[in-house]
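Encoded as structure tokens, the structure appears first; notes follow it.
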Amino acid sequence: DAMVIQNPRYQVTQFGKPVTLSCSQTLNHNVMYWYQQKSSQAPKLLFHYYDKDFNNEADTPDNFQSRRPNTSFCFLDIRSPGLGDAAMYLCATSSIRGATNEKLFFGSGTQLSVL
Amino acid sequence: AQKITQTQPGMFVQEKEAVTLDCTYDTSDQSYGLFWYKQPSSGEMIFLIYQGSYDEQNATEGRYSLNFQKARKSANLVISASQLGDSAMYFCAMREGGYSTLTFGKGTMLLVSP
């Protein structure tokens, strides 16, 4: 059974049209992460939540926002998608933050296309 | 400077053979963790194996082992007896101490042929 679920699997949006990607988890983990992965590149961390505490990476564009209404759900909002935002977006969770052996559990990702 | 370097964009191996995927890392921390993840075409990142910087023995998980050479700052993944289902992208990643986040390398695409 999937433990980190991302919907939809594929998302097509228009240039400049706001889009929201969703992630839910059944693991009851405290930490949720959003990564952006462009073709043939390493996943790049956008931001993460530790409980309700939001942590933005310094180089994450303002165009990207996130919401975590409760432990189970986390959303990625792209306010005005550009062509360069087309990518796979990966959600991940972990039960602890900061330990060097912290293991991340990933969803299957949402592949975003911008037309 | 890159913290995680994977120099092999792609690797080919025949079924049932062993294969080594290279990973070198750069850190000045004494405490850190090294991970390998597998990403099949379906997209999900699957955790394979973990090695802590203070672990004296190389980590093993089934057919996966991590060849940890601390002085060389390398953490190569060895897959024994390759299977067709091992065809995927493989990422090496590191977490340094002090509440840092996970940093990934660029990955190595492994193709296993019959």
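The values are calculated or read from the model by the stated rules, or taken from the named source; none is laboratory data. What you see is a predicted model; the values in this text were computed from it and never measured. Reconstructed Cβ throughout: ideal geometry from the backbone, glycine too, with neighbour counts over all protein chains shown. We work out accessible area using only protein heavy atoms, side chains counted, and drop any ligands, DNA or RNA first. Shrake-Rupley method; radii C 1.70, N 1.55, O 1.52, S 1.80 Å.
Summary of computed values
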| read-out | value |
| --- | --- |
| B:MET11 long-range amide H proximity, modeled H, under 5 Å | B:MET109, B:LEU110, B:LEU111 |
| Sparse-neighbourhood loop sites, trypsin sites (Lys or Arg not before Pro) in the range B:30-72 - DSSP loop, at most 16 other Cβ within 10 angstrom | B:ARG63, B:LYS70, B:ARG72 |
| For chain B, the longest site-free run once GluC sites (Glu not before Pro) in DSSP loop states with at most 14 other Cβ atoms within 10 Å are removed | B:57-114 |
| The range B:1-112 - percent of accessible surface contributed by carbon and sulfur, probe 1.4 Å | 48 percent |
| Cleavage-rule hits (trypsin sites (Lys or Arg not before Pro)) in the range A:24-115: DSSP loop, at most 14 neighbouring Cβ within 10 angstrom | A:LYS38, A:LYS52, A:ARG79 |
| Amide N of the range B:39-82 lying under 20 Å from the label point, which is placed 7 angstrom from the Cα of B:THR7 along Cα→Cβ | B:66-79 |
| Residue range of chain B that is longest and free of chymotrypsin sites (Phe, Trp or Tyr not before Pro) which are both DSSP loop and sparsely packed (at most 15 other C-beta within 10 Å) | B:1-53 |
| Size of the B/A contact, given as accessible area buried on both chains, probe 1.4 Å, in Å² | 1700 Å² |
| Set of lysines near A:LYS38 by C-alpha distance (under 19 Å), chain-local residues within fewer than 8 positions excluded | B:LYS3, B:LYS38, B:LYS106 |
| Whole-number accessible area per residue in Å² for the range A:34-104, which is evaluated in the context of all protein chains at 1.4 Å | 45 Å² |
| The range A:16-115 - percent of accessible surface contributed by carbon and sulfur, probe 1.4 Å | 47 percent |
| Accessible area (Å², per residue) of the range B:1-62, counting only protein heavy atoms and a probe of 1.4 Å | 56 Å² |
